[in-house]
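Student: Right, I'll just put the structure down here and ask away after.
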Amino acid sequence: MRYFGRMMKLSLRDQTGVTLLIPALNIVQVLLELGYTMLFGAVTNDVVGGQGNLYVHLALLVLVLIGRDLGNGLSNYYFDKQNMGVTRSVSHALFEKIQGYPLLYFEDPKRRDRINSAQTGIEACGAYLMTLEVILSFQGLYLLSMSAYFMAVDPLLFVVILGALLPELFRFRVKNRSQEQMEQNIVTQRRRLDHDEQAIYAQKFAKETRVLEAVSFFEARCQAALSHIKQERRQALHKDTKWSILVQCSYLLGFIAIIGVVIFLVMQGRIGVGEISMVMVATTTIYSTLREMFEGHLLQADSSRYAVKLVFEVLEEPLPADDEEENVKTETENVLELRHVSFRYPEGTEDVLKEISLRIRQGETIALVGENGSGKTTLGKVLAGFYPPEQGDVLWNGKQCAEGHLQSCSYVFQDYNMYAVSLAENIRIGDLTTPKARERAVLDTPEMREICTGLPQGENTIISKEFGGVELSGGQEQRVAIARSDMKQAPFYIFDEPTAAIDPMREMDLMKQMLGKKRQAGVLLITHRIGIATLVDQILVLKEGRIVQRGSHQELMREEGEYKRLFEAQSQWYQ
C-alpha cells in the first residue's frame, strides 16, 4: 500500500481532477449495483403479488442498467487517462534517478539487472494504481455493503460466503511469493535475451552478425534463455494451478451452500419471494465480483506489485553522499590531480590502476600511452570523475572532487556514439546550455563544413538510415565526436583514441590542429599511436596499471625503457 500512496500523490499532483473523479464514479457505480439488486427484488414482488408499481420499478431498473453502462464507459476512459499520466510521471522520476547514478553503477551487473527490472516495471505502475482503486473504491465497498445486507437477512449466508473465500486468500499468498521468486530468477536471463535478440535484429549488429555467420550462435543463446525463463514460469504456474482448482471447487461448494441456506430460510418462512430473488441476484453478482477481484484485479495487482516494488526500490534507493561540491578557481591556474589512486571494477579480482599520481595544469598537454589492457581508458574515466577510486584522491585545485560531478572536463570516448538525430543536434548535445553562437562557430569550422557539404540536408541531416537519414564514415563520426567536445569549452579535455578511425594522411594534421586550438586548456591524450605522443608536453607510460615512465619524447628515447620499446616497435610499421 505504500507504493499505492506514492502513486496517488503523483497522480494528484499531475491530474488532480481525474484522480478525484475516479473514486466518485466508483462510488456511484456501487450505488447503482445496490439499486439494481433492490429493484430486481421489487420487480419480483410486483409480479408475484400483483402490485401496481411494476412499471415504475421496471423503468427505474432500465435507468439503472443504462447508468451502469455509462458509468463503466466513463470510468474506463478516466482510468486510461490516469494510467498514461502515472506512467509518464513514474518514467520521468525513474530517469531522473538513474541520471544521478554514479557511472560506476553501470559497471555492476547486479545494478544493471535492477535498472533493467525497474524500466520493465514502469508500465505496471498505472495498472497497479488502477486495480487498487477499483478494489478499494468499487469492489471492496460493494462487497462490504452486500455483506451487511446478508448479515441482516441471516448471518449464516455471510459465513458461507466468507468460507468460500479462504482458499483464495491462501492462493494469493502462494502466488505472491512464487511470482517474486520467479522474477528474481529470470531477470538476468531476460537481459541476456534482449542482448542476443539485438545481436540478430538491431541495425547496429545485424550486418556484422551475418558476415560472421553468427546468427545461429545467438539464436541458440536466445533459445537457452527462453528455455530458462519458460521453466521458471512453468514452475510458478504449476503451483498456482493446484490452488486454482481448489478455489474453483470452493466457489462451487459455496454457491451450492447458499442455495441450501436460501431453501432452508424459505421453508422456515423467514424470507419472501422478493428476498429470494434479491439474495440469488446478489449472490451471483458477489461471486462474479469476487472472481473478477481475486482472479483478475488482485492477481494483476499482485503481479504488478512486484514490478512496482522494483521501480520504487530504485526510486527510493539513497545515492552515495556527495562531498560538498565546490567550484574553486584560483587566480593563477587550474590543476587537475590524482594522488595515490587505485581502482578496481565491481566484482573484479585485482586493481586495474595501482598507486597512480599525476597533475595536469590548464594549458598543458599530456599523452598517456601503453599496451592494450594497461588501464589507459580506466585512468581517463577516474580522472574525469566518472568512477570513484578505491584508494587515493581526485583533486581539483587542491580540493576533493565530488564523485561524478567534475564538470571541468570535456571527454571524447573511445566508444563514442552517434545518435539518431540531426548532425547539428549530435554536436549540440555536447553542451545544451551553450549559446547558439557557439554552436554556429563549431558547425562553421572547416572540418564540419566539409562533412555538411556531402549530406543531403546539410547539418539538418539525420545521422541514421533507420530514420531515413545517412550513416557517416568512421572518420567523419570521429570528427563529429571531437566537435561535440568543443561545445563545452572546458578547461580540461580528455581524448581517448580520438583519431583511431581517421586515415594516417590526415591524422597528424588533425592532431596538430586540435592540440593547438586547445592550448588554453589542459589536454590528456590517451593513445596507442606513439607517433602522436611526440606532439605533447609530457608523456606518461602506463604498464599493468602503473605509471612506469614519464617525460618528454626526447627524454624517454634516451632511456632504455617501455616507451622506447613501444616507439621502435611501431616505427617499423612505417619503414
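Student: How much length is gained on full extension from N116 to N53, taking 0.36 nm per residue of separation minus their Cα-Cα distance?
Tutor: My answer for the length gained is 16.4 nm.
Student: Have a look at the DSSP beta bridges in the chain and tell me what percent are antiparallel, nearest 5.
Tutor: Antiparallel: roughly 55 percent of the beta bridges in the chain.
Student: Helix 155-201 against the longest principal axis of the chain: what's the angle in degrees, Cα atoms only, rounded to the nearest 10?
Tutor: 20 degrees
Student: Return one number: the angle in degrees, 0 to 90 and rounded to the nearest 10, between the long axis of the Cα atoms of helix 140-153 and the longest principal axis of the Cα atoms of the chain.
Tutor: For helix 140-153, the angle is close to 20 degrees.
Student: Could you work out the relative contact order of the chain, using alpha carbon pairs under 8 angstrom and six or more residues apart, expressed as a whole percent?
Tutor: Reported relative contact order: 14 percent.
Student: Be a star and scan the range 216-243 for residues whose amide nitrogen sits under 12 Å from the point 7 Å along the Cα-to-Cβ vector of Q184.
Tutor: Zone members listed by number: none at all.
Student: Report the relative contact order of the range 419-471, percent, no decimals, based on alpha-carbon pairs under 8 angstrom and at least 6 residues apart.
Tutor: 46 percent
Student: Could you pull out the pairs from K81/K465; K436/K465; K110/K242; K204/K543 whose alpha carbons sit more than 31 Å apart here?
Tutor: Over 31 Å Cα-Cα: K81/K465; K110/K242; K204/K543.
Student: I would also like to ask the following. Nearest 10 degrees is fine. How inclined is helix 109-120 to the longest principal axis of the chain, computing both from alpha carbons?
Tutor: 50 degrees
Student: Test of understanding: what is the full-extension gain from Q391 to R449, defined as 0.36 nm times their sequence separation minus their Cα-Cα distance?
Tutor: Using 0.36 nm per residue and subtracting the Cα-Cα distance, I get 16.3 nm.
Student: In deg cm²/dmol, rounded to 500, what helix-only [θ] at 222 nm does the chain give when every DSSP H run of at least 4 residues adds -39500 (n - 2.57) and the total is split over its residues?
Tutor: -21000 deg cm²/dmol
Student: Could you give the nm distance between label points at Q554 and T349, where each point is 7 Å from its Cα heading toward the beta carbon?
Tutor: Result for the modelled spin labels: 4.6 nm.
Student: Another question, then. Taking the range 206-267, which GluC sites (Glu not before Pro) meet the DSSP loop condition and have no more than 15 other C-beta atoms within 10 Å?
Tutor: Listed in order of number, the matching sites are E213.
Student: So how much slack lies between V470 and E213, counting 0.36 nm per residue of separation and subtracting their Cα-Cα distance, in nm?
Tutor: 90.0 nm
Each value in this text was obtained by applying a stated rule to the coordinates, not by laboratory testing. What you see is a predicted model, and the numbers here were worked out from it, not measured in a lab. In this analysis, Cβ positions are derived from the backbone assuming ideal geometry, glycine residues included, and neighbour counts consider all displayed protein chains.
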